[in-house]
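The values are calculated or read from the model by the stated rules, or taken from the named source; none is laboratory data. Model, not experiment: these values are computed from the prediction. Counting neighbours? That spans all protein chains shown, and the Cβs are built from the backbone with ideal geometry, glycine included. Accessible surface areas use protein heavy atoms only, side chains included; no ligands, DNA or RNA. Shrake-Rupley method; radii C 1.70, N 1.55, O 1.52, S 1.80 Å.
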Amino acid sequence: MAWSDRPYTADENFDRGGAPGIRGGPGGVLIWLVLINVLIYISDSILTGSARGNMFSPSRWGWFSLAESWQLWRFVTYQFLHAGIFHLIGNLIFLWIFGQFMEMYWGSKRFLAFYLICGIGGAVVFGLVSLIPEIAHTQPMNPLVGASGSIFGLMVGSWMKFPKQELRFFLMPFGMTVQLICGLYVFFNVLQVLAGSYGAGSATAHLGGALFGFLLVKWPAPLNFADRFSAQAIQDGYNQGRHERKVKKERASREEVDRILEKVSEKGLQSLTKREKKILQQDTDRLRGG
């Protein structure tokens, strides 16, 4: 089926102008996110609690809590950890469904930035709420794992841009629109927090991701930095840095040679140290092409 024939491209709410790199089907970044989540879960299952590998387990160094919030990498790494196989499978299903919408909307680079920033937003809100335990039954030491904050950002983004798109889950005899599915999930998470249920801590992370997703779709300027990242941009940056280092080294060498020549002019060749004579000889050989 061609891209133009897909039903969600006709959605009146789809803003083509804000969607660089649109293409049909799941993009490369989405596939990599799924694979990375699976591989990290497998390695974590093997290493966590093992006799010799526990200290290298992803959970040990990756989960987020307010107590370790100074370890800034945890704002990202917790997004790739999961508490169990059903936690992983559930998140991957929703990542696959809503990730396709948002990668088609944003393009791969902005999609990845959007995904990670929504996850960071989930950790930020979770950490802030941890300071008020009576709100969400959580403490500053409580760990947070899972991609749900990122995924709630994808859900809200899909809700805002593809609200009428219909989805059908497994053996369901009827479809549900994106806005209905996302609206229900957001509603029940808000209800968890208001009721003070024991799942309210995770719900605050979900809502944090949803909030950041909403803000980024409304005001996408913070994602502009992602457009500068590419293999060519990285290579250009490396080449530029290497050139600048070479110029700096040559300037320092020239200044050292000039100092030595001035010393020879003032005190004669016999005043030079072995090192200075060697530098002068190397510069002479360079000029002669030797």
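In what sequence, highest mean first, do 91-101, 30-40 appear when ranked by Cβ atoms within 10 angstrom?
Working: 91-101: 19.5, 30-40: 16.2.
In descending order of packing, they fall as 91-101, 30-40.
For the pair Leu39 and Glu134, what calculated FRET efficiency results from E = 1/(1 + (r/R0)^6), where r is the Cβ-Cβ distance and R0 = 30 Å, to the nearest 0.05? Intermediate results must be reported in sequence, preceding the final value.
Details: r = 39 Å, r/R0 = 1.29.
About 0.20, to the nearest 0.05.
Highest mean first, what order results for 183-194, 145-156 on Cβ atoms within 10 Å?
Values: 183-194: 15.2, 145-156: 28.3.
Result, highest mean Cβ count within 10 Å first: 145-156, 183-194.
For region 87-226, what is the relative contact order in percent, using Cα pairs closer than 8 Å and at least 6 residues apart in sequence? Don't jump to the answer; show the numbers that get you there.
Numbers: 208 pairs, mean separation 48.5, N = 140.
About 35 percent, as a whole number.
Rounded to the nearest 0.05, what FRET efficiency do Ala221 and Leu167 give with R0 = 22 Å and r taken as the Cβ-Cβ distance? Could you check? List each step's numbers first, then the result.
Numbers: r = 30 Å, r/R0 = 1.36.
Calculated value: 0.15.
Strictly over 24 Å apart at the Cα level, which of Lys248/Lys277; Lys109/Lys249; Lys246/Lys267; Lys109/Lys246 would you flag in this model? Walk me through the numbers on the way to the answer.
Numbers: Lys248/Lys277 22 Å; Lys109/Lys249 36 Å; Lys246/Lys267 31 Å; Lys109/Lys246 32 Å.
Check vs 24 Å cut-off fails for Lys109/Lys249; Lys246/Lys267; Lys109/Lys246.
Kindly write out, for region 199-216 in residue order, the coupling ³J(HN,Hα) from the Karplus curve 6.51 cos²θ - 1.76 cosθ + 1.60 (θ = phi - 60°), rounded to whole Hz, with x marking Gly and Pro.
Whole-Hz 3J(HN,Hα) from phi for region 199-216: x, 5, x, 5, 4, 5, 5, 4, 5, x, x, 4, 4, 5, x, 4, 5, 6.
Between the alpha-carbon centers of region 245-290 and region 64-116, tell me the distance in whole angstrom.
Comparing the Cα centres of region 245-290 and region 64-116, I get a distance of 56 Å.
Taking a spot 7 Å from the Cα of Leu184 along the direction of its beta carbon, which residues of region 94-131 have an amide N less than 19 Å from it?
Inside the label zone: 94-99.
7 Å from Cα along Cα→Cβ at both Ala67 and Asn239: what's the point-to-point distance in nm?
Calculated label separation equals 5.0 nm.
Subtract the Cα-Cα distance of Ile93 and Met176 from 0.36 nm times their separation in residues, and report this length gain in nm to one decimal. The partial results should precede the final answer.
Working: separation 83, 0.36 × 83 = 29.88 nm, distance 1.57 nm.
Answer, rounded to one decimal: 28.3 nm.
What are the ³J(HN,Hα) values, in whole Hz, obtained from phi via the Karplus relation 6.51 cos²θ - 1.76 cosθ + 1.60 with θ = phi - 60°, for each residue of region 72-86 in sequence order, with x given for Gly and Pro?
4, 4, 5, 4, 9, 5, 4, 5, 9, 10, 9, 7, x, 5, 6
Just order 195-205, 108-118, 242-252 by mean Cβ neighbour count inside 10 Å, highest at the front, would you?
In decreasing order of mean packing, 195-205, 108-118, 242-252 become 108-118, 195-205, 242-252.
Tell me the per residue accessible area of region 151-226 using a 1.4 Å probe; a whole number in Å² is fine.
Numbers: 3820 Å² over 76 residues.
I get 50 Å² per residue for region 151-226.
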